[in-house]
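Structure record follows, encoded as structure tokens.
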Amino acid sequence: MSESLGNVHGSVATDGNTGWKRFLAFIGPAYLICVGYMDPGNWATDLAAGSQFGYRLIWVLLLSNLIALLLQSLSARLGIVRGLDLAQASKHAYSRFVNFCLFILAQIAIIACDLAEIIGMAIGLNLLFGLPLVWGISITMLDTLLLLFLMNKGMRKLESFIVSLIFIVGFSFLIEMFIAKPDIVEIGKGFLPNELTGNALYIAIGIIGATVMPHNLYLHSSLVQTRKIERTEKGIRNAIKYNLWDTTIALNLAFFVNAAILILAASAFFRNGYHQIAEIQDAYKLLSKIFGNMAPTLFAIALIAAGQSSTITGTLAGQIVMEGHINLRVAPWLRRLLTRMLAIIPAYLTLIYVGGDALGHLLVLSQVVLSLQLGFAVIPLIHFTSDRARMGKFVIGPWIKGLAWVFAALIIALNVQLVVQEVEGWVTSGAVSPIVLYGLIMPVIIAIALLLFYVTIRPLLFRTPDKANDVPHGIASAVHEIERINYKHIGIAIDFSKNDWESIRHGVMEGGKNARYTLMHVVETAGARYHGTQVMDMETQSDADNLQKYADEIRSLGYDAYAHIGYGSTGTAIAEIVKEEGIDFVVMGSHGHKFLKDLIFGTTVNDVRHKVNVPVLIVKPQPK
């Protein structure tokens, strides 16, 4: 079956290493996960908690970190044992319609996360360089290129980049701790649970409800599969053990960052009588007043790093849910661009119609949207990892299962309460018209609640076997006796480069002197695109002459060869020639583009491959 994140699946070797080297080979996936726990969407709740209640709510951060540790370890276990990510496992357990609904909800959650990262990045650039918010939002489009570059360099390079951003965030707040000089004794008291009432309860709900990002559960179950392990009981147990250490270390770093934001707010604002700081911009300005220029600069740098790292992992999660739930694959740059555009639109509209001061409220709204989707990731995850028939010896024990259900119920209850409070606020303030509220929003909330109930009950009442049609590419059929295929008409793509000789050589080797050969070249000038066969510019005439020379030389060797010029888009023109000439086999040379050239000039080979119904042989030029 198709692997999760197939381009990097099993790409990091772990066998052959011992001791620390073996441990370090597994380190990485959880660091991509932990950035979701320190993204700009979490900063507002941490700032509000510290400024209003000092160090009192640190224990809530610790509790949320323990919940995250348990659920992320279950996600890693699912990926290691079953070789499926959470979206793929859901496709096995639920119907196509339910999976489509789960995909839509997961996609909305990823867009909401992306929205938080866009806003955080724009605010960080505004604070650090004075860049207008609208320009900062526009610049966030460029991370598409950064992601493609890192993915082409391999999983280890991507992980190293993310770790470096986490280091920047952590180092910035470590220095800020020395500047702020927090009260160590009061910090210790903050780890002791205390009663939550009124606004403290609301902020605690925000902290816990926004901690476990649903896309992180999808992502972790896939990223652990980038490690190549022995599929034995010992190999799987070792992988689970090392990934647990990876998860523990990474999430503790995320806890340190969130606790540092809260402690900074408590030391800088609560202690100085500023008790209503929830906006990131306000925190920046007050830091400047209290501690000078260094602290706010580090604060802005950390904000930019957190936003950039989170947006990269959100893209990977988007690829996983799309391929896993509905088996749809698109180019990574296109999927990134689509997600970013859908997130940028509400940010632009907010700036245009409300102003930059409302971006903080938009951050809170993005967390509310996230809360609606969380149960649809957590509940299936618990079902799948507690299924003895599929997990075998690696099924979670009753204590872990019970604790996971308690945490799931707590998260869902708190998130439901958060949604209810937001709806009540809309009703009281009149911010949303009754027609929209009761005609659109409430029916959607009820439908989502019913879907959540179904997702929870379905695996308990019915067991759905893994079917052949659940795997993306079906089951391999038996291979019988292989006979030689004699192609009668072979098309050879010519681009007047070093590829031509290899393409012609492979073509004639395939067909011999009994086949007919059509040499194809496409003129891509602006004139050719608009005027087609009527164009008579110098490039077209030169290409036609050169192509005819190729055909004449091949005929002189005893082969039946002809030249055919196409016009306009290369992939489309070649496909038209193949259909017009009745070609039954195509030979093409690979252009050797990488990353940026592929993005700018396109990938002709893939374009042709999807537009023709005949075999295509890709020839790579041999080094001289």
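The values are calculated or read from the model by the stated rules, or taken from the named source; none is laboratory data. What you see is a predicted model; the values in this text were computed from it and never measured. Backbone-built Cβ (ideal geometry, glycine too); neighbour counts: all protein chains shown.
Among residues that are within 19 Å of the chain's Cα centre (by Cα), modelled with pLDDT of 85 or more and either outside the structural domain of Trp245 (by TED's automatic domain parsing) or under 30 Å from Thr232 (Cα atoms) (or both), Leu84 is included. Given the criterion at pLDDT 70 or above and surrounded by fewer than 22 Cβ atoms within 10 Å (Cβ to Cβ), identify the matching residue among Ala300, Ala260, Ala305, Ala250. Just one listed residue meets the conditions, Ala300. Candidates in segment 263-275 are the residues that are touching a helix residue (DSSP H, G or I) at 6+ places or on another chain (Cβ under 7 Å) and surrounded by fewer than 19 Cβ atoms within 10 Å (Cβ to Cβ); of these, the one that is modelled with the highest pLDDT is Asn272. The criterion of at least 3 residues that are touching a Gly at 6+ places or on another chain (Cβ under 7 Å) and either modelled with pLDDT under 75 or farther than 19 Å from Ser221 by Cβ (or both) is met, among helices (runs of 4 or more DSSP H) falling completely within segment 356-446, by 359-385, 398-429. Suppose the filter is at pLDDT 90 or above and in the same structural domain as Lys611 (by TED's automatic domain parsing); does Tyr562 pass it? So Tyr562 fits the description; yes.
Note on segment 91-126: residues that are closer than 19 Å to Thr456 by Cβ, surrounded by fewer than 20 Cβ atoms within 10 Å (Cβ to Cβ) and aliphatic (A, V, I, L, M) total 2. Checking each residue in segment 447-473 for being at pLDDT 85 or above and not in a helix (DSSP H, G or I) picks out no residue at all.
Of the residues making up segment 217-233, not a single one is surrounded by fewer than 22 Cβ atoms within 10 Å (Cβ to Cβ), under 30 Å from the mean Cα position of the chain (by Cα), farther than 26 Å from Ile111 by Cβ and at pLDDT 85 or above.
When you scan segment 106-140, how many residues do you find that are under 15 Å from the mean Cα position of the chain (by Cα) and farther than 16 Å from Leu349 by Cα? Before the answer, list the steps.
Here is the first cut: in segment 106-140, the residues under 15 Å from the mean Cα position of the chain (by Cα) are 106-118.
With farther than 16 Å from Leu349 by Cα added as a condition, the list becomes 106-110, 113, 117.
So the answer is 7.
Residues are listed down the side, and each one gets a yes or a no for (1) part of a helix (DSSP H, G or I); (2) within 27 Å of Leu374 (Cβ to Cβ); (3) free of Cβ contacts under 8 Å to residues at least 24 places away in the same chain:
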{"residue": "Tyr202", "(1), (2), (3)": "yes, yes, no"}
{"residue": "Ile205", "(1), (2), (3)": "yes, yes, no"}
{"residue": "Glu230", "(1), (2), (3)": "no, no, no"}
{"residue": "Lys241", "(1), (2), (3)": "yes, no, yes"}
{"residue": "Leu244", "(1), (2), (3)": "yes, yes, no"}
{"residue": "Asn252", "(1), (2), (3)": "yes, yes, no"}
{"residue": "Phe256", "(1), (2), (3)": "yes, yes, no"}
{"residue": "Ala265", "(1), (2), (3)": "yes, yes, no"}
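Looking at the structure I just gave you, is Ala204 within 13 Å of Leu62 (Cα to Cα) and either β-branched (Val, Ile, Thr) or in the same structural domain as Ala317 (by TED's automatic domain parsing) (or both)? So Ala204 fits the description; yes.
Before we move on, is Cys113 assigned to a helix (DSSP H, G or I) and at pLDDT below 75? Break it down stepwise before answering.
Details: assigned to a helix (DSSP H, G or I): yes; at pLDDT below 75: yes.
Here the answer is yes, as Cys113 does meet what is asked.
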